[in-house]
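Worksheet for the structure shown next.
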Amino acid sequence: MPIYKKLINIVTLMAFLLGTGLIGAPKGWCITIQEERELAKEFMSVVKAKYALIDDPVIIDYLNKVGNRIMAAVPPQPFKYEFHVIHEDVYNAFATPAGHIFINSGLFAALASEEELAGIIGHEIAHVVCRHISQRIESSKKIGIATLAGMAAGVLLGA
C-alpha cells in the first residue's frame, strides 16, 4: 500500500476513535468551538503582523490539494481547514486553533516528495482534530485569551 494511502488510513482511524470518544479529550476539557474560532482570528492577526505569508497560487493550490485529500478521510469538522506557507527558512510546521495549518517555506522547499508533505500535514491535522491546542488552552484558562494568543504565537513561531 502506498505511504499516502497508509497516512490517510491512519488519519481516518484516529478521527474515528476521536469521534467515538475512545481517544481524545473528555467533554469539558477543551475550550468551546466558538472560543477556538475567536482565538484563531487573533492568532492570524499576530501571524500576519509578524510574518510574510506566501501567496503564490501554484504553491497554495498544491498545499490545499494535498491537505484537502487528507481532510476527505476525516469526519466532518466544526471549521474549515486552511493551509498556509510562512516565508521562513526554518524547518517547522504547526497548527493553530480552528484548523489553520502552517508550513515554513524552508521545510516546504526541503521536502523530497508529496508523501513527506502529506505526512507533515497529516500530523498537524491530527493535532487539530484531537483538539490538543484547545486542551492546553483550557488547562491554562486563568490567563486571558488575548494574552494566551500572544504567548502561543511566541512559542509556536519562535519569537
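The values are calculated or read from the model by the stated rules, or taken from the named source; none is laboratory data. All values reported here derive from a predicted model rather than from experimental measurement. Here Cβ is always computed from backbone atoms with ideal geometry, including for glycine, and neighbour counts include all displayed protein chains.
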Applying the selection to the range 90-119, what residues are over 28 Å from Ile33 (Cβ atoms), among the aromatic types (Phe, Trp, Tyr) and surrounded by 16 or more Cβ atoms within 10 Å (Cβ to Cβ)?
-> Phe108
Picking from Val74, Val58, Val46, which residue would you name as being more than 21 Å from Ala126 (Cα to Cα), of a type in the set (Val, Ile, Thr) and at pLDDT below 95?
-> Val46
Output the residues belonging to the range 44-62 that are touching a helix residue (DSSP H, G or I) at 6+ places or on another chain (Cβ under 9 Å) and charged (D, E, K, R).
-> Lys50
Every residue from the range 72-110 that is touching a strand residue (DSSP E or B) at 6+ places or on another chain (Cβ under 6 Å) and of a type in the set (S, T, N, Q) = Asn92, Asn104, Ser105
Picking from Ile60, Ile70, the residue that is without any contact (Cβ under 8 Å) to a residue 40 or more places away in the chain, of a type in the set (Val, Ile, Thr) and not in a strand (DSSP E or B) would be Ile60
Looking at the range 99-107, is at least one residue assigned to a helix (DSSP H, G or I), within 15 Å of the chain's Cα centre (by Cα) and at positive phi?
-> yes
If we keep only residues of the range 48-85 that are of a type in the set (A, V, I, L, M, F, W, C) and under 14 Å from the mean Cα position of the chain (by Cα), then the residue surrounded by the fewest Cβ atoms within 10 Å (Cβ to Cβ) is Phe79
Could you please let me know if Ala40 is over 12 Å from Ile125 (Cα atoms) and among the hydrophobic types (A, V, I, L, M, F, W, C)?
-> yes
